[in-house]
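Asks: One structure coming up, written as structure tokens, with questions to follow.
Each reported figure results from applying straightforward, stated rules to the coordinates on display, with no laboratory input. Here the structure is a predicted model, which is why all the values come from computation and not from measurement. A quick note on method: Cβ atoms are made from the backbone with ideal geometry, for glycine too, and the neighbour counts reach across all protein chains shown.
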Amino acid sequence: MTTASLARTLTATRRRRSAQRASIVTSIAMILMIMLVAAILVAPGLFAHVSPLFNGTDSLAAPSANHIFGTDQLGRDVFSRVIYGARPVLLASLGGVLLATLAGVAIGIVGGVAPRIISVVVMRIVDMLLALPVLLIALILIATIGSGVNSIILALGVAYTPGFARVVEASVRKLRSIEYVEAAKVFGSSGLRTAFRHLLPNLVTEVVVMASSAIGWAVLTATTLSFLGLGVQLPNPDWGSDLAAGATSLSTAWWLSTFPGLAITVTILIANFAGDWVMTLIDPTGRRTRTKFRPLGGLRTGMPAAQAIAPEEPVALDPAETPASEERA
Amino acid sequence: MAFTLRRLLASIPVVLGVTIIAFLLIHMVPGNPAQAMLFGSNASPAQIAALNKQLGLTLPLWEQYWNFIVQLLHGDLGNSFVTHNTVAHELLSRTPSTLALTGAAMLVAIVIGVPLGLVAGIRPNSLLDNIARVVSFIGVAVPYFFLALLLVLVVALQFNLVPAIDDGSPTALILPAISLGWGYAAILTRLIRGRVIEEYRSDYVRSARARGCSETRVLLGHVFRNSSIPAITMIGLQFGNILTGAAVTEVIFGRPGVGSFLATSITTKNIPVVQGAIVLIGIGYIVINLLVDLVVGVVDPRTRLATAAA
């Protein structure tokens, strides 16, 4: 063994070690972050000692030791409003993504395995919805069902479903021709059983990656809707509506909208980092040899490469784009 | 030609779908339209029934839809419940403002995103790449409505460089365009950076170099041309999002556009306006996507073949 090749082996080992260490640090940081978010959701009282609705004596006070984020026109503590405002935003965006995931997987499987006449109709509707901007779909729904957190969940769910359904349908189509799925069919496995036993487990990785990368966008859409006054109604705390309410007194009290806005920004950042983290945990390209995420680790075999997933834009998937990128690959 | 025709045919069901959604809206909203129109005027049930008949709401659904389409083709979208002007007039008078904002935001996205993505991709991990990283980091994480407020706070209120609220002057367009375009500039930067790095590794770049092409030729003729295809597709796809994002930006800056009109109409349940705005935005979006696909087909003939095979 020459010195040069020995040196190369050593460098490679060192690089692998430092990469491992980095991934452990990220994992710990992410888990702590998720626990913190969970704590804010479950027990906001731990962080904010004043009720977000309590009208204090000093109104429009600038940030100080008493009120670290200042107070608003009615003397309510902005910090407390930011902490309690997390709940509607996260409920709406997580709920919306969950709804979209479930509906998208169901519709995608139907589109992939149902008789041709049904699947064509279903996927045509999906394509039509995909051709509309997400915010427009959400606005249409809210126009019909009225405003509120539940409406935002439903609106986000419907608006994000087509993106999931498209990708799932494409994967199901590919999976159908794989040997063990065909074998199951030959051995007389019913359509439903094939879907649950063979298709669904193979879709998990892809769907989890897609859902985690959609959360950041869902936070943005949810806060946009509540910014427009279509979510939680004042005086209840909510980042979007507080940001909008503070915007009118921007020149005199900058802290009113700055802190809710920062909260949204930080949340989107955490969501994006968490999405990337989940993606490296269950890396379908197999660049990482070990998978720490045990429940999903065994399911990587035979997984078609998740080429259709664009982390930046989970919903806007042009049907005309996919075959082109396949051909290029 | 066949490609153009096929692409045109494919967009027909989508256009029909948009009109169906817009049409059904009036039936999905709780309460009936006549009640909403006569709201506050103490109308008797007989008056409401008469108005329902006058509006054609007693006809079978398909006949109502047919009338809706016929009216639509004549440019008639009904009258606003609030001002009683025609919806078409109200929407079209607001369209130029929205188009100006959308175009300006798109320009901001392209002017920042394309060069930044190119230099970042040509020299990964350089100083410029790091600047690009910061720009796209801010663009992706900071919501555009928050960025708008920050820009107003600093640029308009602290330094008084441009007006904070729309006053009709061209400078009033600067802040809305930057706040709306920045996020898309970030997406564009990331996309182009990734593509450029990938293209530099491709076989045809290697063989172009082997043939003795200059680096400028390689960059412009091969790398830039090939990475512009996904960029054009992305710009087209983002058009609709910018258009709806304009709704929020218009509300913040007090611009009288289609977006802010749609937002207020939703809260006031002014259904004909909402219907009209959906048709306008939806069809605008479809037309832009059609144009983008045709442009991509010209730039990259491979996509034409791929669509033919599909």
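Asks: Taking 37 °C and 0.692 mPa s as the conditions, I'd like the Stokes-Einstein D for segment A:24-98 in µm²/s, using the Kirkwood hydrodynamic radius from alpha carbon pairs.
Replies: 240
Asks: At q = 0.10, 0.18, 0.19 Å⁻¹, work out log10 I(q)/I(0) for segment A:93-199 with the Debye formula, treating every Cα as an identical point scatterer and leaving solvent out; two decimals please.
Replies: For the requested q values the scattering log ratios are -0.34, -0.85, -0.90.
Asks: With only alpha-carbon atoms counted, please give the Rg and Dmax of chain B, in Å.
Replies: 24.0, 85
Asks: Picking from A:LEU94, A:LEU269, A:LEU192, which is most flexible by a Gaussian network model of chain A using Cα springs under 10 Å?
Replies: A:LEU192
Asks: Follow-up. What are the chymotrypsin sites (Phe, Trp or Tyr not before Pro) within segment B:103-167 that DSSP puts in a loop, where the Cβ has at most 11 other Cβ atoms within 10 Å?
Replies: Passing both the DSSP loop test and the Cβ count: B:PHE159.
Asks: Quick check on segment A:158-290: what does the Kirkwood estimate of hydrodynamic radius come out to from the alpha carbon pairs, in Å?
Replies: 18.1
Asks: Right, another one. At 18 angstrom or more along the helix axis (alpha-carbon based) and mean Kyte-Doolittle of -0.5 or higher, what helices does chain A contain? Whole DSSP H runs only.
Replies: Numbers: long enough: A:3-42 (58 Å, 0.93); A:78-113 (52 Å, 1.68); A:116-130 (20 Å, 1.89); A:149-176 (38 Å, 0.75); A:200-227 (39 Å, 1.34); A:255-281 (38 Å, 1.30).
Once both thresholds are applied, what remains is A:3-42, A:78-113, A:116-130, A:149-176, A:200-227, A:255-281.
Asks: In addition: Could you tell me which trypsin sites (Lys or Arg not before Pro) in segment B:186-249 are loop residues by DSSP with no more than 10 other beta carbons within 10 angstrom of their beta carbon?
Replies: B:ARG201, B:ARG211
Asks: Across 10 Å bins from the origin, how do the percents of Cα pairs in segment B:70-194 run, short distances first?
Replies: With a bin width of 10 Å, the distribution comes to 13, 30, 26, 19, 9, 3.
Asks: What number, rounded to the nearest 500 deg cm²/dmol, is the helix-based mean residue ellipticity at 222 nm of chain A, given -39500 (n - 2.57) per DSSP H run of at least four residues and division by all its residues?
Replies: That comes out to -22500 deg cm²/dmol.
Asks: Test of understanding: ordering A:TRP217, B:TRP66 by Cβ neighbours within 10 Å, fewest first, what list do you get?
Replies: B:TRP66, A:TRP217
Asks: For segment B:161-292, what percent of Cα pairs sit more than 18 Å apart?
Replies: Everything past 18 Å amounts to 66 percent.
Asks: Looking at chain A, which longest stretch skips every one of the trypsin sites (Lys or Arg not before Pro) that is in a DSSP loop with at most 13 other Cβ atoms within 10 Å, leaving the sites themselves out?
Replies: A:1-286
Asks: Also: How would you rank B:HIS84, A:HIS67, going from fewest to most other Cβ atoms within 10 Å of each one's own Cβ?
Replies: B:HIS84, A:HIS67
Asks: Please report, ordered by residue number, every helix of chain B (full DSSP H runs) that is 27 Å or longer along its axis going by C-alpha atoms and whose mean Kyte-Doolittle hydropathy reaches 0.5.
Replies: Result, helices passing both filters: B:2-28, B:87-122, B:174-200, B:225-253, B:271-299.
Asks: Enumerate the whole-percent occupancy of each 10 Å bin, from 0 to the last occupied one, for all C-alpha pair distances of segment A:215-288.
Replies: Spelled out per bin, shortest first, that is 20, 38, 22, 12, 7, 1.
Asks: Work out the charge dipole of chain A with +1 on the Cβ of Lys and Arg and -1 on the Cβ of Asp and Glu about the Cα centre, then indicate which of A:ALA12, A:GLY111, A:GLY261 is farthest towards its positive end.
Replies: Projecting each Cα onto the dipole axis, the largest value belongs to A:ALA12.
Asks: What number, rounded to the nearest 500 deg cm²/dmol, is the helix-based mean residue ellipticity at 222 nm of chain B, given -39500 (n - 2.57) per DSSP H run of at least four residues and division by all its residues?
Replies: My calculation for chain B gives -24500 deg cm²/dmol from helical runs alone.
Asks: In a GNM of chain A with a 10 Å cut-off on Cα contacts, which of A:ILE83, A:ILE107, A:ILE24 has the highest mean-square fluctuation?
Replies: Per the Cα network of chain A with a 10 Å cutoff, A:ILE24 tops the list.
Asks: For q values of 0.09, 0.11, 0.12 Å⁻¹, compute log₁₀ I(q)/I(0) with the Debye formula on a Cα-only model of chain A, without solvent.
Replies: Taken in order of the listed q values, log10 I(q)/I(0) reads -0.60, -0.82, -0.92.
Asks: Once the Cα gyration tensor of the protein assembly as shown is diagonalised, what are the square roots of 5 times its eigenvalues, in whole Å and ordered largest first, as equivalent ellipsoid semi-axes?
Replies: 40, 33, 27
Asks: Give the distance, in whole Å, between the Cα centre of segment B:200-263 and the Cα centre of segment A:41-104.
Replies: 38
Asks: Among B:GLU63, A:GLU169, rank each residue by its count of other Cβ atoms within 10 Å, from fewest to most, as a rough exposure measure.
Replies: B:GLU63, A:GLU169
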